[in-house]
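Since every read-out is calculated from the coordinates, none of them should be taken as a lab result. Since this is a predicted model, take the numbers as computed values, not measurements. Counting neighbours? That spans all protein chains shown, and the Cβs are built from the backbone with ideal geometry, glycine included.
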Amino acid sequence: MYTLVRPFLFSLDPERAHDIALASLDLAAQLGLHKPPQSSQHIAPRTVMGLSFPNPVGLAAGLDKNAAHIPAMAALGFGFLEVGTITPRPQPGNPKPRLFRLPEAEALINRMGFNNQGVDVLLSNIRSCKHQGILGINIGKNFDTPIDRAAEDYLNAFRRVQGLASYVTINISSPNTQNLRTLQGAAELKALLSALAALREECGRSQGRHIPIAVKIAPDLSEAELDDIADILLSEKMDAVIATNTTLSRDGVSGLRNSQETGGLSGLPVRKRSLAVIKALHKRLEGKLPIIGVGGISDADSAKAALDAGASLIQIYTGLIYRGPALIDEICRALD
Ligand SMILES: Cc1cc2nc3c(=O)[nH]c(=O)nc-3n(C[C@H](O)[C@H](O)[C@H](O)COP(=O)(O)O)c2cc1C
């Protein structure tokens, strides 16, 4: 089905195609036309971060930033959904165009800049859909919050979302918010995570449960930086690391149309680097902290490669755009 629809979608501006595709999936879910494929219901189920995942294939952050499409995404058969990145206050993101296809490389470049409707809208969307499955909420800082006050945004957003989140992701790796990635530096990261860990304790006590925190990192980190990050994630008692976000590198796409656009590159060209990060983290973390693998997963083999490299769960975004929703079922069947 998707192979028939894709040429039409790809003839449109990418962001418009995104909106139309999501509106169609929403409609299909409302009419009950879409039911999760049987094969994806309980395939390779696992417990990670203390949560039970029916299958290990998740929706990566950024596709449903406002949690406005949860029923439609759940009907595709994902084992878990991650919504966001959400910021405390609404913000428009960067001027359009800000999303570009590189079809020859099955890749995208985006500089969306955390366009989102803010945490209040996200929470009301989540409340109204009464989703039963695992829901991660990915949080970030507003673009106009100075970087030395970033922690205030993360703490504020964490406090607001934790009651409705199965787990909360701390996104410090988007390349499209000025200086955000500096929060991956050892001193900055330790300060941020220790403040979040303290707040997590306080919120967890009143909720009577542990609130898992995952930290999402960039693929553009050196071995030494990864080592520091791994140590801090353990010492601050984080629950998972998500590897990786999009890359600033243009390896594998030079000369292709749109390859010089500013932003983060995703899809096939980031696969090798994401896999290397997963491997390096796995070695360093020695199984003490689960890894959620993301980056260029676009078929059963690349999904298995991420899991074999040490990931406990995987997520997909760009693969969904190029291969369509059947990709989820394809991966689940292969894992069966
Ligand atoms: C258009 C677009 C928007 C994204 N927005 C976010 C975001 O808001 N927060 C985030 O943590 N990651 C975001 N990502 C990164 C993805 O979640 C994922 O980490 C990255 O694209 C690599 O996976 P992929 O190759 O399967 O796309 C975005 C990716 C794309 C393509």
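Kirkwood hydrodynamic radius (Cα pairs, Å) of region 145-237?
Mean inverse Cα-Cα distance, inverted, gives 13.7 Å.
L164 versus K272, label points 7 Å from Cα toward the beta carbon: distance in nm?
Between L164 and K272, the label points sit 4.2 nm apart.
Suppose R0 equals 30 Å; then what is the FRET efficiency for R46 and A326 from their Cβ-Cβ distance, rounded to the nearest 0.05? Walk me through the numbers on the way to the answer.
Values: r = 23 Å, r/R0 = 0.75.
Working from the Cβ atoms, E equals 0.85.
How much length would be gained if the chain were fully extended between L4 and A334, taking 0.36 nm per residue of separation minus their Cα-Cα distance, in nm to one decimal?
Residue separation times 0.36 nm, minus the Cα-Cα distance, leaves 116.4 nm.
Helix-only mean residue ellipticity at 222 nm, the chain, DSSP H runs n ≥ 4 weighted -39,500 (n - 2.57), per residue, nearest 500. What is it?
That calculation yields -12000 deg cm²/dmol at 222 nm.
Looking at the chain only, what percent of DSSP beta bridges run antiparallel? Nearest 5 please.
Restricted to the chain, the bridges split so that about 30 percent are antiparallel.
Using C-alpha positions alone, give me the convex hull volume of the chain per residue in cubic angstrom.
120 Å³
May I ask you to list the trypsin sites (Lys or Arg not before Pro) in region 191-232 that are in a DSSP loop and have at most 16 other Cβ atoms within 10 Å of their Cβ?
Of the trypsin sites (Lys or Arg not before Pro), the ones in loops of region 191-232 whose Cβ has at most 16 other Cβ atoms within 10 Å are R209.
Suppose the chain between D13 and S254 were pulled fully straight at 0.36 nm per residue; how much longer would it get relative to their current alpha carbon spacing?
84.6 nm
For K35, give me every one of the aspartates and glutamates with a C-alpha distance below 14 angstrom, ignoring sequence neighbours fewer than eight places off in its own chain.
By straight Cα distance, K35 reaches D26, D329.
Multiplying the sequence separation of K130 and K190 by 0.36 nm and subtracting their Cα-Cα distance, what value in nm do you get?
18.1 nm
Once each part is reduced to its C-alpha centroid, what is the distance from region 264-336 to region 167-237 in angstrom?
21 Å
Shape call for region 190-334 from the C-alpha gyration tensor, a ≥ b ≥ c root eigenvalues: rounded (a/c under 1.5), prolate (a/b greater than b/c) or oblate?
It is prolate, given that a/c is not under 1.5 and a/b is the larger ratio.
Modelled label-to-label distance, K283 and C203, 7 Å Cα→beta-carbon offset: nm?
With each label placed 7 Å out from Cα toward Cβ, I get 3.5 nm.
Just to check I understand the Karplus step: with θ = phi - 60° and J = 6.51 cos²θ - 1.76 cosθ + 1.60, what whole-Hz values come out for region 284-291, glycine and proline as x?
6, 7, 6, x, 7, 9, x, 10
Among N55, N66, N258, whose mean-square fluctuation peaks in a Gaussian network model of the chain (Cα, cutoff 10 Å)?
N258
Please report, in debye to the nearest 20, how large the charge dipole of region 2-335 is about its Cα centre when each Lys and Arg carries +1 at its beta carbon and each Asp and Glu carries -1 there.
440 debye
Which one of L164, L285, L12 has the biggest mean-square fluctuation once the chain is modelled by GNM with Cα springs under 10 Å?
Top of the fluctuation ranking is L12.
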